[in-house]
Amino acid sequence: MLSSFFNKILFSSNLFKGSVDLGLFFLRIFPSFFLFYNHGLGKLNKGVESWAWLGEAAMPIVGINFGFVIFGFLAALSESIFALFVIVGFCTRIASSFIFFTMFMAGSYHAVGGESGEEAYIYATIYLTLFLLGPGKYSLDSFLFNKNEI
């Protein structure tokens, strides 16, 4: 009996029925809340000058030398509104792809500058995972678009 318990914990792809969906729920909720609260909300509220700085700081790394306000706004939008979308599981894959790109660029900006891009790369990994796996059944996407899936 104890052996089957450890086999289930160590080797089963599902710990219990719905465990994957519950894991995706937590993976959406907690990182997205912290991304929104600690990073996104301030960037969205600071406005055009801040967005221009964000775009100008990161985009030349990949050879883009125009549209800094637009790219900065997209970064602010990704870390704020799209993070809220991920929290509730609405348009999760689209929102996650924007956040992934933003976090990858933020990590690259810090790495090129000799700083640690670790936090941004961890966020990038989380949102790449959510893009690949989807939001799970505890999401608005599942409620609105996958009514027949279990």
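A short reminder: the numbers here are calculations on the coordinates, not readings from a lab. Quick caveat: nothing in here was measured; it's all calculated off a predicted structure. As a convention, Cβ positions derive from the backbone with ideal geometry for all residues, glycine included, and neighbour counts pool all protein chains shown.
With n ≥ 4 as the cut-off for DSSP H runs, can you work out [θ] at 222 nm for the chain, using -39500 (n - 2.57) per run divided by the number of residues, rounded to the nearest 500?
-22000 deg cm²/dmol
Can you give the FRET efficiency for residue 84 and residue 111, using 1/(1 + (r/R0)^6), R0 = 25 Å, r = Cβ-Cβ distance, to the nearest 0.05?
So, using R0 = 25 Å, E works out to roughly 0.35.
Within the chain, what is the longest stretch that has no trypsin sites (Lys or Arg not before Pro) placed in a DSSP loop and near at most 10 other beta-carbon atoms within 10 Å?
Maximal segment without exposed cleavage sites: 18-146.
What does the net charge come to around residue 131 if you take all other residues with beta carbon closer than 12 Å to its beta carbon, with K and R at +1 and D and E at -1?
+2
Counting Lys and Arg as +1 and Asp and Glu as -1, what is the net charge of the other residues whose Cβ lies under 11 Å from the Cβ of residue 92?
That works out to +1.
Could you give the dipole magnitude of segment 35-145 about its Cα centre, charging the beta-carbon of Lys and Arg +1 and that of Asp and Glu -1, in debye to the nearest 20?
Once rounded to the nearest 20, the dipole reads 300 debye.
Please build a GNM for the chain, connecting alpha carbons under 10 Å apart, and tell me which residue among 111, 76, 120 fluctuates the most.
Top of the fluctuation ranking is 111.
P(r) tail for segment 74-150, what percent of Cα pairs lie past 20 Å?
Of all Cα-Cα distances in segment 74-150, 34 percent exceed 20 Å.
Name the most mobile residue of 62, 88, 112, meaning the one with the largest mean-square fluctuation, in a Gaussian network model of the chain with Cα contacts below 10 Å.
Result: 62 has the largest fluctuation of those listed.
Please go through segment 49-150 and write out the GluC sites (Glu not before Pro) that DSSP classes as loop and that have at most 13 other C-beta atoms within 10 Å.
Answer in residue order: 115, 149.
Got a sec? Which residues in segment 101-127 would a label at residue 56 touch, if it sits 7 Å along Cα→Cβ and we count backbone N under 16 Å?
The answer is none, because no backbone nitrogen lies closer than 16 Å to the label point.
Hey, in the GNM for the chain with a 10 angstrom Cα cutoff, which one of 31, 135, 60 fluctuates hardest?
Taking springs between Cα atoms under 10 Å, the residue moving most is 60.
Just to be sure I understand: if I project the alpha-carbon convex hull of the chain onto a plane and average over all orientations, what area do I get in nm²?
Average projection, Cα convex hull of the chain: 11.1 nm².
With an 8 Å Cα cut-off and a minimum separation of 6 or more residues, compute the relative contact order for the chain in percent.
24
At most 14 other Cβ atoms within 10 Å plus a DSSP loop assignment makes a site exposed; report the longest stretch of the chain without any exposed chymotrypsin sites (Phe, Trp or Tyr not before Pro).
Longest stretch, sites excluded: 67-150.
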